[in-house]
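Notes to accompany the following structure.
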Amino acid sequence: MTRPNALLSVSDLNAWYGESHALHGVNLDILPGEMVTLVGRNGVGKTTTLRAIIGLIRKRTGALQFDGKDLMRLPLHRTAHTGIGFVPEERGIFASLTVEENLMLPPVVAPGGMSLKEIFDLFPNLQERRNSQGTRLSGGEQQMLAMARMLRTGVRLLLLDEPTEGLAPVIVQRIGEVLVELKARGMTVLLVEQNFRFASRIADRFFLMEHGKVTADFPADELEKRMNLLHQVLGV
Amino acid sequence: MTMIFGIPIQAFLGQLLVGLINGSFYAMLSLGLAVIFGLLRVINFAHGAQYMLGAFTGYLLLTWLGIGYWPSLILVPLIVGVIGLLIEKFALSHLYSVDPLYGLLFTFGLALVLEGIFRYYFGVSGNPYPTPDLLAGGTNLGFMFLPIYRGWVVIASLIVCIGVWLAIEKTKLGAYLRAATENPQLVQAFGVNVPLLLTLTYGIGSGLAGLAGILAAPVYQVSPLMGSNLIIVVFAVVVVGGMGSILGAIVTGYILGLAEGLTKVFYPEASSVVIFVIMAVVLLVRPAGLFGREEA
């Protein structure tokens, strides 16, 4: 089912929150440099899929291969070192750390990450506020910081959960520009996004989720043909 | 004779100094407790026993091996710290997945076992630990006589507290510790070995208790019960300062030591309860403690 040259391949992934069975055999794959979006209604398991891939959900079965490595066997703190960065929905900015400390927190896992200068060129606001308390930043700046700190580390795959949620249109546009820039640099991105209009402008490929499963996947150039299905499932 | 508020100034300053010395131990011990509680969410009831273990380790190094005070100042925290590492690695770490009460009960049991062992071998009477020659004697400050060793305790405790605080606030390891205190799972998902960080933190917290123990050995008697006498006060300090607040633990330790000393001057009968009265008032007015953050 998964393509042979995939960077990440997920097969028959099941996951549970306690007794509650949240993922029922998710299959998806991502080629190197691809920008893939998981779409679906609230509660179908999009966030759960990201959390199961990075290993925050330990009660999981199935197969997870990243860059030839078996993620199922790794303890949580080893997963990032295979080259996966996670940007959670709640952003996870630390209140007891300054902006710069937040930025420098995740360990470098591979060479090839952005330098501090490149990051500040991409996110000038962060440089101005580097000594502020992390949570004093606006929502948009916190989202930028949550993404920026992963770019330093040399990860090859970014798991981005709802980066535009609750942000003003001008900030959403800025995040879109950043993602285009990251793609140009060869970053692979798995994006969970409610804002379908936003996702449709930047994604190469879509995976549609319903009831804890992927029920359709198609490349961006088939989007027109698939709009009926998406209307039906998503109500967009 | 000079008087202040109707009290001879010598008595006043003397009690203030006693308060400051007690406060130095409160601050060092509550600091370790606060660091451990902040990251591990374990209320370390063994902290008093680890302080006692520090004093006894120093005492045994001296009587069995002839190792004196100054090498002990390094060796004792290392030994007690390594014992702490082992306790976390082989026991405490298995209790994180269950109710936090189990951690409390385990460390409480551990404290009783440690105290029991030392009571069995050494009895309950204290053993004297000689003041090191360099710090023997005293100096006349004009208004009072200051035993040099007690002055050293105050300075050493300040150095330790400020040093630990700087390490937590200004270093990379400290940033990991602060971040993991807020959200350990996310920090681990970033690739930081949080289980190792927990082990190290418990080791360092235990080592701090051991260091306080060897510093206390020449001041108080080295006795199996020295820790349990102190630990309840230290818990009050941590509660007043705010559970898990590093700065709160340090500042409150000194303040409550001084408050206790002052109460001895003005109303000696209340001196043993004043800390708990303050704790009760603080809990009523600010349940999160003076420096604590209300948790969402």
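The values are calculated or read from the model by the stated rules, or taken from the named source; none is laboratory data. Nothing here was measured: the structure is a model prediction, and the numbers come from that model. Note that each Cβ is placed from the backbone with ideal geometry, even for glycine, and that neighbours are counted across all protein chains shown.
Computed values, structure above
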| read-out | value |
| --- | --- |
| Selection status of residue B:263, in contact with a Lys or Arg (Cβ under 9 Å, 6 or more places away or on another chain), at pLDDT 90 or above and farther than 30 Å from residue A:151 by Cβ | no |
| Single unsatisfied condition, residue B:142 versus (1) of a type in the set (Gly, Ala, Ser); (2) more than 14 Å from chain A (Cβ to nearest Cβ); (3) surrounded by 12 or more Cβ atoms within 10 Å (Cβ to Cβ) | (3) |
| Residue, farthest from the chain's Cα centre (by Cα), within segment B:215-263, restricted to residues that are small (Gly, Ala, Ser) and over 22 Å from residue B:292 (Cβ atoms) | B:261 |
| Residue B:147 vs. criteria at pLDDT below 95, over 26 Å from residue B:110 (Cβ atoms) and either surrounded by fewer than 22 Cβ atoms within 10 Å (Cβ to Cβ) or within 14 Å of chain A (Cβ to nearest Cβ) (or both) | yes |
| Yes/no for residue B:181 being in contact (Cβ under 8 Å) with a residue 12 or more places away in the chain, within 11 Å of chain A (Cβ to nearest Cβ) and crowded, with 21+ Cβ neighbours inside 10 Å | yes |
| Counted residues, segment A:66-90 - those being more than 10 Å from chain B (Cβ to nearest Cβ), touching a helix residue (DSSP H, G or I) at 6+ places or on another chain (Cβ under 7 Å) and in a helix (DSSP H, G or I) | 1 |
| Residue in segment B:68-82 that is in a helix (DSSP H, G or I), hydroxyl-bearing (Ser, Thr, Tyr) and under 30 Å from residue B:263 (Cα atoms) present | no |
| Residue, surrounded by the fewest Cβ atoms within 10 Å (Cβ to Cβ), within segment B:187-234, restricted to residues that are touching an Asp or Glu at 6+ places or on another chain (Cβ under 7 Å) and either β-branched (Val, Ile, Thr) or within 14 Å of chain A (Cβ to nearest Cβ) (or both) | B:199 |
| Cβ pairs under 6 Å, 6+ apart, first in segment B:108-124 and under 23 Å from residue B:235 (Cα atoms) and among the charged types (D, E, K, R), second in a helix (DSSP H, G or I) and at pLDDT 95 or above | B:115/B:49 |
| Matching residues, segment A:6-23, being surrounded by fewer than 21 Cβ atoms within 10 Å (Cβ to Cβ), at negative phi and in a strand (DSSP E or B) | A:9, A:11, A:14, A:16, A:17, A:20, A:21 |
| When residues of segment A:178-230 are limited to those that are touching a Phe, Trp or Tyr at 6+ places or on another chain (Cβ under 6 Å) and of a type outside the set (A, V, I, L, M, F, W, C), the one modelled with the highest pLDDT | A:217 |
| Tally of residues being more than 22 Å from the chain's Cα centre (by Cα) and not charged (D, E, K, R) across segment A:216-232 | 5 |
| Residue within segment A:50-65 that is in contact (Cβ under 8 Å) with a residue 24 or more places away in the chain, more than 10 Å from chain B (Cβ to nearest Cβ) and under 22 Å from residue A:175 (Cα atoms) present | yes |
| Leading residue by the ranking (farthest from the other protein chains (Cβ to nearest Cβ)) among those in segment A:26-49 that are assigned to a loop (DSSP other than H, G, I, E, B) and under 18 Å from residue A:223 (Cα atoms) | A:41 |
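Residue-by-condition table, conditions (1) modelled with pLDDT under 90; (2) surrounded by 14 or more Cβ atoms within 10 Å (Cβ to Cβ):
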{"site": "B:5", "(1), (2)": "yes, no"}
{"site": "B:12", "(1), (2)": "yes, yes"}
{"site": "B:15", "(1), (2)": "yes, yes"}
{"site": "B:21", "(1), (2)": "no, yes"}
{"site": "B:63", "(1), (2)": "no, no"}
{"site": "B:73", "(1), (2)": "no, yes"}
{"site": "B:77", "(1), (2)": "no, yes"}
{"site": "B:85", "(1), (2)": "no, yes"}
{"site": "B:115", "(1), (2)": "no, yes"}
